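The values are calculated or read from the model by the stated rules, or taken from the named source; none is laboratory data. The structure presented is a predicted model; accordingly, all values stated were derived computationally and were not measured. Note that we place each Cβ from the backbone using ideal geometry, even for glycine, and neighbour counts take in every protein chain shown. These accessible areas exclude ligands, DNA and RNA; they are computed on the full protein's heavy atoms, side chains included. Shrake-Rupley method; radii C 1.70, N 1.55, O 1.52, S 1.80 Å.
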Amino acid sequence: MKKNWEKIFRSLVLVGVIAFLLKDTSFLTYATSDGKKTLDKFPSVTQTYFYATGGADTINLMALLPEDCELTSYALSYVGDVTFHSAPTVIDDKLLYTVDAGPKDMTGTITVTAIADNYVDIPITVNLKLSDKKQVEQGYYIDTAWIANLSRIFIILGILGLVVCRKRYMK
C-alpha cells in the first residue's frame with residue numbers, strides 16, 4: 001500500500017516539475033556575441049476585418065515579448081494597400097490603429113520593432129486583411145501563469161503526500 005501512495009505522490013511532483021519547465025519559454029532564446037539574447041521565432045499576429053466597415057484594434061505588445069525583455073523604445077513601419085483612419089501608433093506598450101473600409105482582399109503589414117537593452121531588436125509583425133468573412137477566433141488559449149500556479153500546486157501536493165506517506169508507513 002505504501003509503495004502505491006509513494007508512486008502517486010512522486011508522479012504529482014513529476015507532473016508539476018514538467019508543467020513548470022514547459023511554462024518557461026526562456027529556452028527559446030539564445031545569446032549573441034554581444035551578450036544580447038535573440039528569439040528563434042519572432043511574434044506575429046493576423047487580424048481580419050470586414051471589408052465594408054474596417055475596424056479598430058489594440059494589441060498589447062508586451063504580451064508578445066519575453067517576460068525578461070527590458071524595452072527602451074519601439075519603431076513602426078507599414079507596407080500594403082490597407083488604409084488607416086487613424087495611423088498606427090504605440091502608446092503604453094500597446095499598438096493602436098483604425099483600419100478604413102476598402103475593397104475585399106486588401107492586405108497590409110504593420111511591423112513594430114521592439115528595441116531592448118538585453119535583446120536583439122525584435123520585429124513584431126501584424127498582418128492585416130480586409131475580407132468578406134469574419135475571422136474565427138480560437139476557442140482556447142494557454143495562460144502561462146495558470147500553468148505555473150498549477151505546477152506549483154502539483155509539486156507541493158506531491159511533496160506533502162510523500163512526507164505523510166513516509167511518516168505514516170515508517171512506523
- prompt: Among (1) in contact with a strand residue (DSSP E or B) (Cβ under 8 Å, 6 or more places away or on another chain); (2) modelled with pLDDT under 85, which single condition is D93 missing?
  reply: (2)
message: Give me the residue from the stretch 67-86 that is under 20 Å from S131 (Cα atoms) and loosely packed, with under 13 Cβ neighbours inside 10 Å and, out of that set, nearest to the chain's Cα centre (by Cα).
response: V79
query: Would the stretch 145-167 turn up any residue that is modelled with pLDDT of 85 or more and in contact with a helix residue (DSSP H, G or I) (Cβ under 6 Å, 6 or more places away or on another chain)?
result: no
- prompt: Considering the stretch 24-67 alone, what residues qualify as being at pLDDT 85 or above and acidic (D, E)?
  reply: D57
- request: Considering every residue within the stretch 133-143, establish whether at least one is at pLDDT 90 or above and touching a Phe, Trp or Tyr at 6+ places or on another chain (Cβ under 9 Å).
  value: no
field: Residue that is farthest from the chain's Cα centre (by Cα) [pool: residues in the stretch 55-66 that are more than 15 Å from T98 (Cα to Cα) and touching a residue at least 40 places away in the same chain (Cβ under 8 Å)]
entry: L61
- request: Could you tell me which numbered condition L130 fails, if it satisfies all but one of (1) farther than 16 Å from P43 by Cα; (2) under 18 Å from the mean Cα position of the chain (by Cα); (3) modelled with pLDDT of 90 or more; (4) of a type outside the set (F, W, Y)?
  value: (2)
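For residues in the stretch 67-102 being assigned to a loop (DSSP other than H, G, I, E, B) and in contact with a Leu (Cβ under 7 Å, 6 or more places away or on another chain), which is farthest from L39 (Cα to Cα)?
At the first step, the residues of the stretch 67-102 found to be assigned to a loop (DSSP other than H, G, I, E, B) are 67-70, 81-83, 92-93, 100-102.
Applying the additional criterion that residues be in contact with a Leu (Cβ under 7 Å, 6 or more places away or on another chain) yields 82, 93, 102.
Working: V82: 29, D93: 19, G102: 35 Å.
That would be G102.
Provide a single number: the residues in the stretch 36-54 that are part of a strand (DSSP E or B) and either on the phi < 0 side of the Ramachandran plot or open to solvent by 60 Å² or more (accessible area, probe 1.4 Å) (or both).
Residues that pass the stated criteria total 10.
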